[in-house]
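Below is one structure, written out as structure tokens; comments come after it.
The values are calculated or read from the model by the stated rules, or taken from the named source; none is laboratory data. Note that the structure is predicted; figures quoted are calculated from it, not measured. As a convention, Cβ positions derive from the backbone with ideal geometry for all residues, glycine included, and neighbour counts pool all protein chains shown.
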Amino acid sequence: MKRLFLLIGFCLIGAQIASAQLRVGNSSRQTGGSGYLNPKDYIIGGVTISGTKFLDNDVLLTISKLSVGDRIEVPGEATSNAIKNLWSQGLFDNIELTIDQVRGDTVFFNIDVVERPRLTRIDLDGLSKSQTEEVRKRLNENTGKIINENLLNTTRNTIKRYLREKGYLYPDINISQVKDTTEANNQILKVAVKKNKKVKAKEINFTGNKEFSDAKMHKYLKKVKQKRWWRFWGPGKFNYEKYAEGKEALISKMRSKGYRDATIVRDSVTQLNRKNVRIDIDVYEGPKYYFGDITWSGNAKYTDETLSKILGIEKGEVFSEEKLNTKLLGPSKTGADVSAYYMDDGYLTFQVDPVQTKIYGDTIDLEMRMYEGPQYDVNRIVLKGNDVTNDKVVRRQLQTKPGQKFSKTNIMRDIREIATLGNFDESKTSPVPKPNPADGTVDIEYTVAEKPSDQVELSGGFGAGRIIGTLGLTFNNFSTKNLFNKKAWKPLPRGDGQKLSLRGQTSGKSYQSYSFSFSEPWLGGKKPIYFGISAFTSMSAYGGYDYYTGRENVTESTPKIRMNGVTVSLGKRLKWPDYYFQVNYSLNLQQYKLRNYDAYFLFRNGTSYNINLTQEISRNSLSDPIFPTSGSNLRFTVQATPPYSLFNNINYPTAPDHIRYRWVEYHKWKFDSQWFQTVVGKLVFKAQAQFGFIGSYSKVTGTSAFERFKLGGDGMMGFDFLQGSEVVAMRGYANGYVIPETKTNSQDIQIARNSGSPIYTRYQMELRYPVMMNEQAKVFLLGFADAGNTWDAFKDFNPFKVRRSVGIGARIFLPIFGLLGIDYGHAFDPIPGVDRSQWRQPFTFSIMQQMGGFN
């Protein structure tokens, strides 16, 4: 009996639900005696839709599945499903299905709908301009879309996800809808965002770790660091993406120490307040494992003994899958991994699978199952993405050539060589081997992405009572071949990898400097022979500017120096001792014209000529021209003039200055070196040592008045260029103030500052940390320790007796401006006879457009 009552109850409830679709808005014209408990079969005579403003009625009829001519039961499943189908589209706030009329067994329906409003725009309040732009990109505006719960949730979650990446884990987001008065049925979403404070990890607690101390666990948890008062850089804010990466790094490090079963059992992030969270991580360490016997199978090219020697893992060593994979597949720090030995000899499809064959106690035996495969020869080199740079410019840099055996090392070197061009984004250079098993060849497809490489220097400065303006243009991908091709001027002829530089600096009649340089890295286009030519002219009139009136007064008696010069260079990349070596030769012709010049310079009136030949041998293996993480840059330079004093019969001790200094005579030796090495994570160590010496052929001539060294300051040439001096940076000290200790009286000090010194040495150590590394900008911070000194003669030379300074700095690289720098240095050792306020220079600014140089 109970079952019967339940059955009747369910039937009544079902009938109510089905008939409710028709009862709402039911027309008074409905006839035929159809009742909720007395359904009838009807033929659909017509279906109309009312209330629509923007939607297509035909499409809505299709969605309802009420088709004219169909026989349905009313009320019944068909009418119920029509409402459900339309409602599921999320387009309406209300839907009513009514019967317009009934004619015999034919029924006519009307579907009355109320459309949901559409989105005009989303207004964001509470974010910065850059944050608003980024959020808008992610939202993609959604303009014109229906405003429903899904759109509101998507908007809220997108903003939350973006703020979480920035460290704002608990923002308040309120969304309100405002009618758009300019558009019917449109609304504007007003999103009020309160970011609240950035969240940091106040506590990180570890449990389950017995062999690893808490300090080690904190160190292994990369990208997530516990809040400490002394932590100035590194992962400060907390976000879940970096936390997930940190957990993977933690387990990877534990396993690399032999704990191959290490895992995170459970972890949680608990909000303590608006600014802090607590992280709890429970780990399982498991036992510590060691390498057992290692055997090889499938190898025919190399013997087991040779492969074991290359692998370099001894029985009894702590088991580490990370080390095993590195020694098998690379990249190994020594460059000696099993994969490299095969893939550098054409075995492109080489594979090795380390199989754990036996685990007993704490020891794991391994079998290296190898597939050597066939050797492949390079067939074609395909370039993609070089829309501006010509193919030949890229191809001539490549070590991989058609007909050679496939070589992984050559391809890695190709990536570096493409980067040295400076025309492409290094992170997007991608070589893809495409093997052709049928003929044993492989096509190498290099995909590159062009980036801006031209540079502009535009600056104005006010100093010494006058304004100095500078304009410099450097075109790093110039093409002289298309110079007279009007179609190639976009806006300049480009694509051949040549470099053209133009620079002008002036403050009016009292100071002017203009320079031009052009270089072709492949003279003739067939061999890597570097050709360069440059010319300059500079003039400075001392005392030709009235500080009180602001007017220039340059007359025939105004102290003045003019310097003109032309340099022609030839260089060639060497194949021995290795591919990184290069030799350069240059012939320099310079003219110095002095008139009533500075009393503290070595001579005041006359014309001097400096004709010298320079030979430079260098080796550059830096991994990156802007932020190197490994490699070295070495340079040895010898520069010499003819020994005029040996055959011109001039009595130098008694000769007047304009005779004595007419032909500049010297020999100059320089050695510069840099080393870069990654210390831990992204932290990079840089070491640099420099030495310079200028000597004479004869004691009677004395040391040349030109080409001396000025140590101290930012290293920028400025007015020192007019004296033919070489300026060497040393932070913490003012420009040119690191002078020999033998200079104690004011006149000697002034002469040493103005003329420079014949001997110098400088040492530098830096720790560098990257903050931003992308195509638009590269930024890194650094801490430095500088040391250096100058001497007048070798009898006083002591490379360990130096002036010292320490400090911090930052560098930013912008493709259009080059490398900009600012440093704060503290100098320790005073300059005798000079007031501290003069020789001390805490802040130095630098503009270094020559990447990879000796700065």
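Annotations for the structure displayed:
- Against the test of being of a type in the set (D, E, K, R), crowded, with 16+ Cβ neighbours inside 10 Å, assigned to a loop (DSSP other than H, G, I, E, B) and in contact with a helix residue (DSSP H, G or I) (Cβ under 8 Å, 6 or more places away or on another chain), the options 222, 253, 301 yield a single qualifying residue, 222.
- Segment 37-58, subset surrounded by 12 or more Cβ atoms within 10 Å (Cβ to Cβ) and under 19 Å from residue 145 (Cα atoms), residue farthest from the chain's Cα centre (by Cα): 51
- Segment 479-506 residues that are more than 25 Å from residue 536 (Cα to Cα), paired with ones that are in a strand (DSSP E or B) and basic (Lys, Arg) (beta carbon under 9 Å, 6 or more apart): 482/494; 488/494
- With respect to (1) under 34 Å from the mean Cα position of the chain (by Cα); (2) buried (at least 18 other Cβ atoms within 10 Å of the Cβ); (3) of a type outside the set (Gly, Ala, Ser), the lone exception for residue 582 is condition (2).
- Filter result for the condition that a residue is modelled with pLDDT of 85 or more and farther than 21 Å from residue 268 by Cβ, over 163, 151: 163
- Odd one out for residue 740 among (1) under 32 Å from the mean Cα position of the chain (by Cα); (2) surrounded by fewer than 21 Cβ atoms within 10 Å (Cβ to Cβ): (1)
- The lone exception for residue 129 - which of (1) more than 17 Å from residue 189 (Cβ to Cβ); (2) assigned by TED's automatic domain parsing to the domain that holds residue 48; (3) of a type outside the set (Gly, Ala, Ser) it fails: (2)
- Residues in segment 650-675 that are of a type in the set (Gly, Ala, Ser) and at pLDDT 90 or above: 673 alone.
- Any hit, segment 426-440, residues being assigned to a strand (DSSP E or B), surrounded by 15 or more Cβ atoms within 10 Å (Cβ to Cβ) and touching a Gly at 6+ places or on another chain (Cβ under 9 Å): no
- Filter result for residue 196 (at positive phi and not in a strand (DSSP E or B)): yes
- Hits in segment 396-425 (condition: surrounded by 15 or more Cβ atoms within 10 Å (Cβ to Cβ) and more than 20 Å from the chain's Cα centre (by Cα)): 396, 397, 398, 399, 400, 405, 406, 407, 408, 410, 411
- Index of the failed condition, residue 13 passing every other in (1) within 30 Å of residue 152 (Cα to Cα); (2) modelled with pLDDT under 85; (3) hydrophobic (A, V, I, L, M, F, W, C): (1)
Each row is one residue, and each column tells you yes or no for (1) assigned to a strand (DSSP E or B); (2) under 27 Å from the mean Cα position of the chain (by Cα).
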{"position": "619", "(1), (2)": "yes, yes"}
{"position": "623", "(1), (2)": "no, yes"}
{"position": "627", "(1), (2)": "no, yes"}
{"position": "638", "(1), (2)": "yes, no"}
{"position": "655", "(1), (2)": "no, no"}
{"position": "658", "(1), (2)": "no, no"}
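- For segment 350-367, the set of residues classified as in contact with a Pro (Cβ under 7 Å, 6 or more places away or on another chain) and either assigned by TED's automatic domain parsing to the domain that holds residue 257 or part of a loop (DSSP other than H, G, I, E, B) (or both) consists of 362 only.
- The condition of being crowded, with 18+ Cβ neighbours inside 10 Å and in a loop (DSSP other than H, G, I, E, B) holds for only one of 119, 169, 151, 124, that being 169.
- Selected residue (criterion: farthest from residue 713 (Cα to Cα)) from residues of segment 766-798 that are charged (D, E, K, R) and at pLDDT 95 or above: 768
- Qualifying residue in segment 153-173 (condition: closer than 12 Å to residue 190 by Cα, hydroxyl-bearing (Ser, Thr, Tyr), in contact with a strand residue (DSSP E or B) (Cβ under 9 Å, 6 or more places away or on another chain) and in contact (Cβ under 8 Å) with a residue 24 or more places away in the chain): yes
- Note on segment 785-832: among residues that are charged (D, E, K, R) and not in a strand (DSSP E or B), the one that is nearest to residue 760 (Cα to Cα) is 792.
- All of (1) within 36 Å of the chain's Cα centre (by Cα); (2) without any contact (Cβ under 8 Å) to a residue 40 or more places away in the chain hold for residue 634 with one exception: (2).
- So residue 684, is it buried (at least 20 other Cβ atoms within 10 Å of the Cβ) and out of contact with any helix residue (DSSP H, G or I) (no Cβ under 6 Å at 6 or more places or on another chain): yes
- Flag if residue 294 is without any contact (Cβ under 8 Å) to a residue 60 or more places away in the chain and surrounded by 15 or more Cβ atoms within 10 Å (Cβ to Cβ): no
- When restricted to residues that are over 34 Å from the mean Cα position of the chain (by Cα), basic (Lys, Arg) and either closer than 19 Å to residue 136 by Cα or outside the structural domain of residue 129 (by TED's automatic domain parsing) (or both), segment 169-217 contains 2.
- Only one of the listed residues (629, 637) is closer than 26 Å to residue 532 by Cα, buried (at least 16 other Cβ atoms within 10 Å of the Cβ) and touching a strand residue (DSSP E or B) at 6+ places or on another chain (Cβ under 7 Å). That residue is 637.
This table checks each residue for (1) within 30 Å of residue 421 (Cβ to Cβ); (2) not hydrophobic (A, V, I, L, M, F, W, C).
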| site | (1), (2) |
| --- | --- |
| 784 | yes, no |
| 788 | no, yes |
| 796 | no, yes |
| 804 | no, yes |
| 809 | yes, yes |
| 812 | yes, no |
| 825 | no, yes |
| 829 | no, yes |
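- Options 274, 255, 260: the member that is closer than 30 Å to residue 768 by Cα and either out of contact with any Lys or Arg (no Cβ under 7 Å at 6 or more places or on another chain) or not assigned by TED's automatic domain parsing to the domain that holds residue 767 (or both): 255
- Tabulated pairs, segment 640-666, first farther than 14 Å from residue 700 by Cα, second hydrophobic (A, V, I, L, M, F, W, C) and assigned to a loop (DSSP other than H, G, I, E, B), C-beta under 8 angstrom, 6+ apart or interchain: 641/664; 658/603
- Within segment 404-425, being of a type outside the set (A, V, I, L, M, F, W, C) and in a loop (DSSP other than H, G, I, E, B) holds for 404, 407, 422, 423, 425.
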